[in-house]
Amino acid sequence: MQPSALSHDAFVDRFGPVYEASPWVAEAVWPAAARGELDDCHTLAGAMRDAVDAAPRAQRLALIRAHPQLAVASNMAPASVDEQRGAGLDRCSPGEFAAFQRLNAAYVARFGHPFIVAVKGLSRLDILAAFEARLENDSDAEFATAIAQIHRIARFRLADLFASE
């Protein structure tokens, strides 16, 4: 079903979870969706990306903080559970699990938010290597990288939603 064919509530229910626990993104693009301007995946993804990028820094930080820590988080959104399972994060060896715990703690201590990476297509070792490398970033670079990764996750989620039609 095209986004323009949905009621406001149905649109927010369907597309609100695309940006982790942040339905404000879907709310921001609803007027254009209702007018039929966002009926394809690419256009909707761009509008949602633009809404996030135009948001105040504090709201973008809240979006980053809405994401779960990798391999150790509980109470994850269903999409996050599936994405982490797809990368094998539910099958970590004890050593890998300990590395994720150590890196999660170091990352949050350094940046004040969880490490964000679009895990689709990555192995546990790829993710651990990215984790280690990105701990060397400065705060502004890492904030920008986290937002870019969130947009990547959102594009994957939108593609899945449109493919399920």
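Taking Ala163 as the residue in question, decide whether it is under 30 Å from Asp40 (Cβ atoms), in contact with a Cys (Cβ under 9 Å, 6 or more places away or on another chain) and of a type in the set (A, V, I, L, M). Explain how you work it out, then say what you get.
Numbers: under 30 Å from Asp40 (Cβ atoms): yes; in contact with a Cys (Cβ under 9 Å, 6 or more places away or on another chain): yes; of a type in the set (A, V, I, L, M): yes.
Criteria met by Ala163.
Taking the residues in the range 81-122 that are within 18 Å of Arg152 (Cα to Cα) and among the basic types (Lys, Arg) as candidates, determine which candidate is surrounded by the fewest Cβ atoms within 10 Å (Cβ to Cβ).
Step by step, filter the range 81-122, then rank; the result is Arg85.
Could you please give the count of residues in the range 81-118 that are at pLDDT below 95 and assigned to a loop (DSSP other than H, G, I, E, B)?
So the count comes out to 4.
Would you please list the contacts, defined by Cβ atoms under 9 Å and residues six or more apart or on different chains, that run from a residue in the range 124-141 that is over 17 Å from Gly95 (Cα atoms) and open to solvent by 60 Å² or more (accessible area, probe 1.4 Å) to a residue that is part of a helix (DSSP H, G or I) and charged (D, E, K, R)?
Close Cβ pairs (under 9 Å, with a partner that is part of a helix (DSSP H, G or I) and charged (D, E, K, R)) amount to Ser139/Arg110.
Looking only at the range 87-111, how many residues end up being touching a helix residue (DSSP H, G or I) at 6+ places or on another chain (Cβ under 9 Å) and not hydrophobic (A, V, I, L, M, F, W, C)?
Selection size over the range 87-111: 8.
Check Val119 against each of (1) of a type outside the set (D, E, K, R); (2) more than 15 Å from His67 (Cβ to Cβ); (3) under 13 Å from the mean Cα position of the chain (by Cα) and name the one condition it does not meet.
The number of the failed condition is (2).
The values are calculated or read from the model by the stated rules, or taken from the named source; none is laboratory data. Note that the structure is predicted; figures quoted are calculated from it, not measured. All Cβ positions, even for glycine, are placed from backbone atoms using ideal geometry, and neighbour counts span all protein chains on display. Quick note on the areas: whole protein, heavy atoms, side chains included, nothing else; ligands and nucleic acids left out. Shrake-Rupley method; radii C 1.70, N 1.55, O 1.52, S 1.80 Å.
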